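Quick one: this structure, given as structure tokens, is what I'll be asking you about.
No lab work stands behind these numbers, since they all come straight from the coordinates. As the structure is a prediction and not an experimental result, all values here were calculated from the model. Methodologically, a virtual Cβ is constructed for each residue, glycine included, from the backbone with ideal geometry; neighbour enumeration extends over all protein chains shown.
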Amino acid sequence: MLLVHTIQDLQTHLASLRADNRTVGLVPTMGALHDGHASLVRRCVSENDVSVVSVFVNPTQFNNKEDLQKYPRTIERDAALLEQLGVDLVFNPEPDEMYSEQEMHRQFAFDFGGLDTVMEGKMRPGHFNGVVQVVSKLFRLVSPQRAYFGEKDFQQLAIIRRMTRLMQFSVEIIGCPIVREASGLALSSRNERLSEQERTTAVNISRILMESRTLTLSMNTRQVEQWVTDQVNAVEGLEVEYYQIVDQTTLMPTNTWQHAIGCITVYCGPVRLIDNIKYDL
């Protein structure tokens, strides 16, 4: 496995790896890798001749500087895991390698078609501009045939699909199911910031979401939204930022259970956690 830090080295080594029309898969990450990331990487390795993983804490998608500073950076551990998983090339650049001074301080312009006005987009203005900025740049640098994203960040996945269509990238976007601990807690790099007590408390998020599936025959979407919000807020140590049941494609509020997904963000102490549940199973 090769670990590179510059665009020049990335493209030099990638050119030799992709000789003879070999297919390339990409898994974009911000590092602090866990089993959820590993599931994406395993699929990428199994479905492509060449596997590339980016490990880059992207500053342009953080609207909270303190959150950026606290985001875990574990490149040595990440690289060891990726080598075990059979990755061919790991790209770990510094911000000034990825962005010019102008790019770093000017918001990336993109037509989100309204996908950025709800949920995470509403709570974190500019966040998805940074996501589209970095993923579009990675697509241009790597030119993968396939790219893999987790469904835990469901709104991000919907926006990446739109970006791929509008920017006309020849990349197949593959969404992969949420990976959970045995307790039900969705795996996240932010879980590393939870204390043992907070981790136990956070399990209630997925428990309540799973329970809400049993209510779809007796309640409408707005009633279930309120029920989930009340149930989570009743747990000491948890505070709901939002819970919305939306259409899986448009991300707009829906009154039908068909093609519906419930997306939640909860503060567990100081740690902001996201999760979701599909209702059309």
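By the scheme Lys and Arg +1, Asp and Glu -1, what is the net charge of all other residues having a beta-carbon under 13 Å from that of LEU141? Write down the numbers at each step before the final one.
Values: positive: ARG18, LYS137, ARG140; negative: ASP9, GLU97.
Its environment carries a net charge of +1.
Any chance you could give the angle, 0 to 90 degrees and rounded to 10, that helix 221-233 forms with the longest Cα principal axis of the chain?
Rounded to the nearest ten degrees, it is 90.
I've got another one for you. THR254: net charge of surrounding residues, Cβ under 13 Å, Lys/Arg +1, Asp/Glu -1, itself excluded? Walk me through the intermediate numbers first.
Working: positive: ARG222, LYS278; negative: GLU225, ASP247, ASP280.
Cβ neighbours under 13 Å give a net charge of -1.
Using only Cα atoms, tell me the angle between helix 35-47 and the longest principal axis of the chain; keep it within 0 to 90° and round to the nearest 10.
Tilt relative to the chain: about 50 degrees.
Go from 0 up to the bin containing the longest alpha carbon distance in the chain, width 10 Å each, and give me the % of pairs per bin.
For the chain, the pair-distance distribution reads 6, 28, 35, 23, 7, 1.
Given the Cα-Cα distance of MET123 and MET219 and 0.36 nm per residue of separation, how much length would full extension add, in nm? Spell out each step's value before the answer.
Working: separation 96, 0.36 × 96 = 34.56 nm, distance 2.71 nm.
Here the answer is 31.9 nm.
Which net charge results for the neighbourhood of THR200, defined as the other residues with beta-carbon distances under 12 angstrom from its beta-carbon, given Lys and Arg at +1 and Asp and Glu at -1? Display every interim value, and only then the final one.
Details: positive: ARG199, ARG207; negative: GLU181, GLU196, GLU198, GLU236.
Summing Lys and Arg as +1 and Asp and Glu as -1 gives -2.
How far apart, in nm, are two points set 7 Å out from the Cα along the Cα-to-Cβ line at GLN226 and at ILE75?
Between GLN226 and ILE75, the label points sit 5.1 nm apart.
Ok, one more. Kindly express, to the nearest 10 degrees and within the range 0 to 90, the angle between helix 7-17's C-alpha long axis and the longest C-alpha principal axis of the chain.
For helix 7-17, the angle is close to 80 degrees.
If you don't mind, there's one more thing I want to ask. Could I get the Rg over Rh figure for the range 207-281? Both from C-alpha atoms, Rh via Kirkwood, rounded to two places. Numbers along the way, then the final one.
Working: Rg = 11.9 Å, Rh = 12.4 Å.
My calculation puts Rg/Rh at 0.96.
Here is a follow-up. Under a straight-distance cross-link criterion of Cα-Cα below 28 Å, which lysines are reachable from LYS70, leaving out those fewer than 8 residues away in the same chain?
Excluding near neighbours in sequence, the set is LYS122, LYS137, LYS152.
Ranked highest first by average number of other Cβ atoms within 10 Å, how do 140-153, 9-22 line up? The partial results should precede the final answer.
Numbers: 140-153: 20.0, 9-22: 13.5.
So the order, starting with the most tightly packed, is 140-153, 9-22.
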